[in-house]
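Heads up, the thing below is written out as structure tokens.
Please treat every number below as a calculation from the coordinates, not as lab data. Note that this is a predicted model, so its numbers are computed, not measured. Glycine also receives a Cβ, built like all others from the backbone with ideal geometry; neighbour counts cover every protein chain displayed.
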Amino acid sequence: MEEKKNKRYRQTFTFEGRRYEVTAKSEEGLIIKTAMRKRDLEEGKRIVSGSSLFREWAEEWLLTYKKPAVKPITYQTVAGVVHSTLNPALGQMPIKSIKPVHCQRVLNSLDGCTSYHLKRVRGILREIFKAAVDNELVLQDPTERLTTPLASGGSHRAITDAERSTILKVAETNPRGAWVLVMLYCGLRPHETTLLRGRHVDRSAKILHVPGTKTKNAVRDVPIPDVLLAKLPHVGPFEYLFMSAQGHQLNTGIMARWWRTFKNAMNVELGCKVYRNKVVPPYRVAPDLTPYCLRHTFCTDLQSAGVPINVAKELMGHSDISLTAKIYTHHSETAFQNAAALINQFHCGMRCGNEAAKR
């Protein structure tokens, strides 16, 4: 214990490996405040101060500000961003030591994600630090002048190689696996999966007749890859291919539950713990991974496979080729390598032809 010139007393102590500091105007007040601080720590209470780590304040913000104000599904999404994106980057830093450059690096690390996801992460960061300013944990908001990096250009994105690997592994045993794979391997819109009946699956020709309803172009035939054909349910010609547990046609609510349980299975596969049948954060799956990302990936896979854009337009069920082009403009390493090989093959052929002509 030491006395400062301004007549304030200070004492430090360690609890569960972390050092805490208490100050007071009198020696008696210091003893009381130290005892209260230790009691709060032993009782598991969250202590918020300028020395709090970002992850500690983020948890306080989630429970105090966010959870009471939004629907449970929205809260789960926001908490997912905090646990999977913000805490890994800023979690161990004291809230008062975080500078604008640290927040900008978080956004820069998401370069190429959808504009929607970037705006969501930026918005959550801003809310967390605005509340920190209101509580006098920081003097200035480090998120005021953040710049948003280049987005992928739309509200959806293609899945990463790591996500694909996890999806395929979980789909092997998950009851919703075939439903997920139809969107990935055949590029169906989520709503289109609710319309599929047994008669739409031509197993001998390996063709899926998609009864799209969005536009007349949405009605189309799509090849069924061998890896998917064996996984499709066998149902009667007029029965729905995918049905609820009660045997009803899928709707938006059922699909939302199916996707949520599939993502939970992905989180568990990636190492998340489960407590009382609920996945415990931090979550491993990106919050912006949606069923539409699977359809987006189907289109980028067509590009990587060298499928001409006019054919891809038909397979996607787009009404305008410009819609397909927006996805085809995304960089694909495989497509680049295929193009390089074709260009090299073309020039080799030209050279060989010229040499033969000289002879």
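If I model a spin label as a point 7 Å beyond the Cα along the Cα-Cβ vector, how far apart are those points for residue 23 and residue 165 in nm?
Calculated label separation equals 5.0 nm.
Can you work out the Karplus-derived ³J(HN,Hα) for every residue in the stretch 239-252? Use 6.51 cos²θ - 1.76 cosθ + 1.60 with θ = phi - 60°, whole Hz, and x for glycine or proline.
8, 6, 5, 10, 9, 6, 4, 8, x, 9, 5, 5, 9, 4
Each residue of the stretch 121-126 in turn: what ³J(HN,Hα) in whole Hz from Karplus with 6.51, -1.76, 1.60 and θ = phi - 60°, glycine and Pro shown as x?
Along the stretch 121-126, the couplings run 4, 4, x, 5, 4, 4 Hz.
Check residue 220: other-chain or 5+ apart residues with amide H under 5 Å from its amide H, H built from backbone geometry?
210, 212
Determine, for the stretch 161-328, the count of lysine pairs separated by eight or more sequence positions (or lying on different chains) whose alpha-carbon distance falls under 23 Å.
For the stretch 161-328, the number of qualifying lysine pairs is 15.
Expressed as a rounded percentage, what relative contact order does the stretch 161-328 have, with Cα pairs under 8 Å and six or more residues apart? Numbers along the way, then the final one.
Numbers: 221 pairs, mean separation 43.0, N = 168.
With pairs under 8 Å counted, the relative contact order is 26 percent.
Using Cα pairs under 8 angstrom and six or more residues apart, how large is the relative contact order of the stretch 54-134, in percent?
On the way: 33 pairs, mean separation 31.8, N = 81.
The value is 39 percent.
Using alpha-carbon pairs under 8 Å, 6+ residues apart, how would you state the relative contact order of the stretch 117-252 in percent?
Details: 132 pairs, mean separation 23.5, N = 136.
Contact order relative to length: 17 percent.
Would you mind checking which residues have amide H under 5 Å from residue 280's amide H? H placed 1.01 Å from N; only 5 or more apart, or other chain.
For residue 280, the qualifying residues are 273, 274, 275.
Can you work out the Karplus-derived ³J(HN,Hα) for every residue in the stretch 305-317? Use 6.51 cos²θ - 1.76 cosθ + 1.60 with θ = phi - 60°, whole Hz, and x for glycine or proline.
7, x, 6, x, 5, 5, 6, 4, 4, 5, 5, 7, x
Please report the spacing between the Cα centers of the stretch 129-151 and the stretch 202-280 in Å, no decimals.
If you average the Cα positions of each part, the centres end up 41 Å apart.
Show the residues, 5+ positions off or on another chain, whose built amide H is closer than 5 Å to the amide H of residue 159.
297
Where does each of 203-213, 181-191, 156-166 land if you order them by average Cβ count within 10 Å, highest first? Mind dumping the intermediate values first?
On the way: 203-213: 14.7, 181-191: 22.0, 156-166: 16.7.
Per-residue mean Cβ counts within 10 Å order the peptides as 181-191, 156-166, 203-213.
In nm, what is the difference between 0.36 nm times the number of residues separating residue 310 and residue 251 and their Cα-Cα distance?
Values: separation 59, 0.36 × 59 = 21.24 nm, distance 3.15 nm.
Between residue 310 and residue 251, full extension yields 18.1 nm more.
Taking neighbour counts of Cβ atoms within 10 Å as a proxy for exposure, in what order, fewest first, do 55, 295 appear?
Working: 55 19, 295 22.
Final ranking by Cβ density, sparse to dense: 55, 295.
Using Cβ counts within 10 Å as a stand-in for footprinting exposure, how do 103, 348, 272 rank, fewest first? Mind showing how you got there, number by number?
Details: 103 25, 348 10, 272 18.
With the sparsest Cβ surroundings first, the list reads 348, 272, 103.
Can you pick out the pairs among 71/96; 33/99; 33/96; 25/130 whose Cα atoms lie more than 28 Å from each other?
71/96; 33/99; 25/130
In what sequence do 261, 14 fall when counting other Cβ within 10 Å, fewest first? Kindly include the intermediate steps, with their values, before the conclusion.
Details: 261 14, 14 8.
Ranking 261, 14 by Cβ neighbours within 10 Å, fewest first, gives 14, 261.
FRET efficiency for residue 219 and residue 139, Cβ-Cβ distance as r, R0 = 56 Å, nearest 0.05? Don't skip to the end; give the middle numbers.
On the way: r = 60 Å, r/R0 = 1.08.
Calculated transfer efficiency: 0.40.
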